[in-house]
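Peer 1: I have a structure I would like to understand better, so I am pasting it below and will then ask my questions one at a time.
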Amino acid sequence: MNSATAPAVIAQDLGIPVKGVSWTRLHPGQTADGQASLLVTMGQNNGGLFVLDVDLASGRCRQYPVANGVDSTFPTAAVRSLRTGILYIVSAWDGHLHRFDANHPAKGIEDLGQIDVDGTFGLGITEAADGAIWIGCYPGARLAKFDPATGKITRYGRTDDVDEYLYPQAGDDGSLAGMVKFVRPHLIVIDPATGEHREVGPAITDPTDKSKFLKLYKGTDRRLYLDSHAGKFRIDGLSLTPVDELPEPLPGVQATYKHNYQAPAEMPGGWTAHFLDDNINGVGTPRNILLTHRDPLVPSRRLHLDWVGGGSNLHVFEFGPDNRLYGSSYMPNRLFRSTLDGSVIEDLGEHTYAGGEAYSLANFDGKVYLASYPEARLSVFDPARPVRFGGTSADNPQDLGRLDNISYRPNALIVTPELDAPGGGKVPSRLWMGSSPDYGLRDGTLAWYDPRTGAKRSHRTVVADTSPASLLYLPEQRQILIGLSIEAGTGVKISRLNGAFALWDPVKDQLVWSGDMGIDNLADVTALAPAGNGLVYALLGRGDHILSAGAPEIGPRIALIDPVKRRVVSSAWLPADFGPLSWHGLFCLRVGPGGTVYGATGFCIFRIKPGTCEVERIWQPDKAVRRPNTVWLTAFTPNSIDVVGPIVGNKLYFATGWRLRALTLP
């Protein structure tokens, strides 16, 4: 194994394809002098979250950045006090509480400190009648309170032994409750004086049963209500009272079943604001606001916001059918394309109703197919047609919807060719998607889709307690090799320690075999690449998302496997100074010139000596440094390899955060 000093290889920056925002919310209110005030919170990767103070006459914005733009990237929950007009924001991934006072904008965004233990961040926030700010955190479904009078944060710890998510809501009568999600969704009531809590009312024992629902919200009478499959209830202190009718939700205050975004609310003077366009699920490049008045004789006004974005992290990209790169950014989920030299980079906008990010791409009949989180939604873009996003065949890109009701994070997408069927006939060429399951569930899915007919089918539980992480079609065997991860749905602790391999027959559409290929202590099979002579290289390792779910850390290694004999030919651990895998480690093996396979960790690009597991470092300009106070980003360098893209000619394309980059292979 050769881990000698890397050759002098230079990475070229091609540009920043997307400058969008996420977790966008409008926060109407008023200043101390009674004037209407509109604040907006937005999140981004390059520069961190920021607050806009909007001039309601012109739409011009005063933009206030967060101090720690490296770690305070997303405003995962925010609420504006109905009493003081002060805006409170919780940030990921650092888990801090922030404050912005429109009466004193010169203070900017104030950092009030860490909300709870390291690695947690707020996802729910609410203001109680006494002015206290209550926060629900992930992971651990932890509860905390901020007292504006003293500036003190009180931490009450976990509210559930299994579930990880908590969304609190406070009523003006002093009641305090919270929804716990996602493994067994249920309601807790909380004593504001002590933070003690107890479960009340119905629960959902099967998250896949869509007939069961729980909706906690604050009504127009400013009290708390639970709408559920088992009835309607008012929360009275620490008890539930059945009611015949429910009031409407209070506008402008986020309900816990719509915790991401606030509804429009009326400001002083009778004005209400809402975004007009480009704001699917609070992500994108929202700039147009419509102001409407409660008096229908007062004309509406349209504002154009002039905020400036820094850059959105890229999440996946591949070589397209027209000699250009196509990919997706991360919250917002924007489709971009680039020439190979970066001379023309275009943000093409939305390509799906899934606001998160595309996890995988594939080309089929001259079109680009993308599979996106959440809901593993499939979308398609035809480079030969004009751009107009929508959900019909006349639109381009077109959102094609889900292949099933379980898939959520579509880790892999490949195409199989047309194949002969037993007894004559043909099995058409198909797209195959491997996904992890929805929140709170176990066992991922393998699904296929026929773009020509729209036919589809999904299989759950290829191997128990695992999810497909990588797919490779084996033409000699006419089978699909599946690399499996112990990944479960978000919020679920892992129940298995070893990954697996599987072989799938795409003609019979059934499992042929599964096992470990004789590899001890098998980690997740995150990437696969043909090695020639019927052999396959596999990259084995664990990303941060698996470690945070309770799995022990296993360093990355390369395995050369024989799918026909179903055994490992050889394997070798990567040198420790190569660093860990990137966040997922997906697509981190690529076939280069002459069939040589190249690989990457989060901090090193290497090539494999053909027919062996010996590796040579190609590029590693920085030493990996562990980041403190977070389980989500275990390490960081200015040249981290966050996305591994295709090799085209002698160039390997990759991304560092929001930067699209290219490396000329020696």
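Peer 1: Somewhere in the range 112-128, is a residue outside any loop (DSSP other than H, G, I, E, B) and in contact with a helix residue (DSSP H, G or I) (Cβ under 9 Å, 6 or more places away or on another chain)? Lay out the reasoning, then the answer.
Peer 2: To start, the set of residues in the range 112-128 that are outside any loop (DSSP other than H, G, I, E, B) comprises 112-114, 121-127.
Next cut, in contact with a helix residue (DSSP H, G or I) (Cβ under 9 Å, 6 or more places away or on another chain) only: 124, 126.
Within the range 112-128, one or more residues are outside any loop (DSSP other than H, G, I, E, B) and in contact with a helix residue (DSSP H, G or I) (Cβ under 9 Å, 6 or more places away or on another chain).
Quick grid of which residues meet (1) assigned by TED's automatic domain parsing to the domain that holds Tyr156; (2) of a type outside the set (Gly, Ala, Ser); (3) more than 24 Å from Asp544 (Cβ to Cβ):
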{"position": "Phe74", "(1), (2), (3)": "no, yes, no"}
{"position": "Ile86", "(1), (2), (3)": "no, yes, yes"}
{"position": "Asp94", "(1), (2), (3)": "no, yes, no"}
{"position": "Gly124", "(1), (2), (3)": "yes, no, no"}
{"position": "Ala129", "(1), (2), (3)": "yes, no, yes"}
{"position": "Ala132", "(1), (2), (3)": "yes, no, yes"}
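Peer 1: If you go through the range 532-548 one residue at a time, do you hit one that is modelled with pLDDT of 95 or more, small (Gly, Ala, Ser), in contact with a helix residue (DSSP H, G or I) (Cβ under 9 Å, 6 or more places away or on another chain) and not in a strand (DSSP E or B)?
Peer 2: Among the residues of the range 532-548, not one is modelled with pLDDT of 95 or more, small (Gly, Ala, Ser), in contact with a helix residue (DSSP H, G or I) (Cβ under 9 Å, 6 or more places away or on another chain) and not in a strand (DSSP E or B), which makes the answer no.
Peer 1: If you don't mind, another one. So which strands (runs of 3 or more DSSP E) stay within the range 432-487 end to end and still have 3 or more residues that are touching a residue at least 24 places away in the same chain (Cβ under 8 Å) and within 26 Å of Ile554 (Cβ to Cβ)?
Peer 2: Working: elements: 445-449, 456-460, 467-474, 479-485.
Qualifying strands (runs of 3 or more DSSP E): 467-474, 479-485.
Matching residues to (1) in contact (Cβ under 8 Å) with a residue 60 or more places away in the chain; (2) buried (at least 20 other Cβ atoms within 10 Å of the Cβ); (3) part of a strand (DSSP E or B):
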{"site": "Ile519", "(1), (2), (3)": "no, yes, no"}
{"site": "Val525", "(1), (2), (3)": "no, yes, yes"}
{"site": "Pro530", "(1), (2), (3)": "yes, no, yes"}
{"site": "Glu553", "(1), (2), (3)": "no, no, no"}
{"site": "Ser570", "(1), (2), (3)": "no, no, yes"}
{"site": "Pro580", "(1), (2), (3)": "no, yes, no"}
{"site": "His584", "(1), (2), (3)": "yes, yes, no"}
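Peer 1: Which one is nearest to Ile153 (Cα to Cα) among residues in the range 79-127 that are surrounded by fewer than 20 Cβ atoms within 10 Å (Cβ to Cβ) and hydroxyl-bearing (Ser, Thr, Tyr)?
Peer 2: Among those that are surrounded by fewer than 20 Cβ atoms within 10 Å (Cβ to Cβ) and hydroxyl-bearing (Ser, Thr, Tyr), it is Ser81.
Peer 1: Test Ser372 against the criterion of being outside the structural domain of Gly282 (by TED's automatic domain parsing), buried (at least 24 other Cβ atoms within 10 Å of the Cβ), within 17 Å of Asp450 (Cβ to Cβ) and within 21 Å of the chain's Cα centre (by Cα), and give yes or no.
Peer 2: No; evaluated as a whole, the condition is false for this residue.
Peer 1: Another question, then. Does any residue of the range 388-401 turn out to be within 30 Å of Ser485 (Cβ to Cβ), among the hydrophobic types (A, V, I, L, M, F, W, C) and under 19 Å from the mean Cα position of the chain (by Cα)? So that I can check it myself, show each step before the final result.
Peer 2: Within the range 388-401, the first condition is being within 30 Å of Ser485 (Cβ to Cβ), and the residues that meet it are 397-401.
Among the residues that remain, those that are also among the hydrophobic types (A, V, I, L, M, F, W, C) are: 400.
Restricting the remaining residues to those that are under 19 Å from the mean Cα position of the chain (by Cα) gives none.
Looking for residues that are within 30 Å of Ser485 (Cβ to Cβ), among the hydrophobic types (A, V, I, L, M, F, W, C) and under 19 Å from the mean Cα position of the chain (by Cα), one finds none in the range 388-401, hence no.
Peer 1: Which of the residues spanning the range 350-383 are more than 19 Å from Met331 (Cβ to Cβ) and outside any strand (DSSP E or B)?
Peer 2: Result: Asp365, Gly366, Asp382, Pro383.
Peer 1: Confirm whether Glu346 is surrounded by fewer than 17 Cβ atoms within 10 Å (Cβ to Cβ) and in contact with a Phe, Trp or Tyr (Cβ under 7 Å, 6 or more places away or on another chain). Full working, then the answer.
Peer 2: Details: surrounded by fewer than 17 Cβ atoms within 10 Å (Cβ to Cβ): yes; in contact with a Phe, Trp or Tyr (Cβ under 7 Å, 6 or more places away or on another chain): yes.
Yes.
Peer 1: Six or more apart or on different chains, Cβ under 7 Å: which pairs go from a residue in the range 352-381 that's in contact (Cβ under 8 Å) with a residue 12 or more places away in the chain and under 21 Å from Pro646 (Cβ atoms) to one that's charged (D, E, K, R) and assigned to a loop (DSSP other than H, G, I, E, B)? Could you list them?
Peer 2: Matching pairs, first to second residue: Lys367/Asp382.
Peer 1: Suppose we filter the range 289-337 for residues that are surrounded by fewer than 20 Cβ atoms within 10 Å (Cβ to Cβ), β-branched (Val, Ile, Thr) and assigned to a strand (DSSP E or B); how many remain?
Peer 2: Qualifying residue count for the region: 1.
The values are calculated or read from the model by the stated rules, or taken from the named source; none is laboratory data. This is a predicted model, so every value here is computed, not measured. Cβ sites come from the backbone with ideal geometry, for glycine too, and all protein chains shown count toward neighbours.
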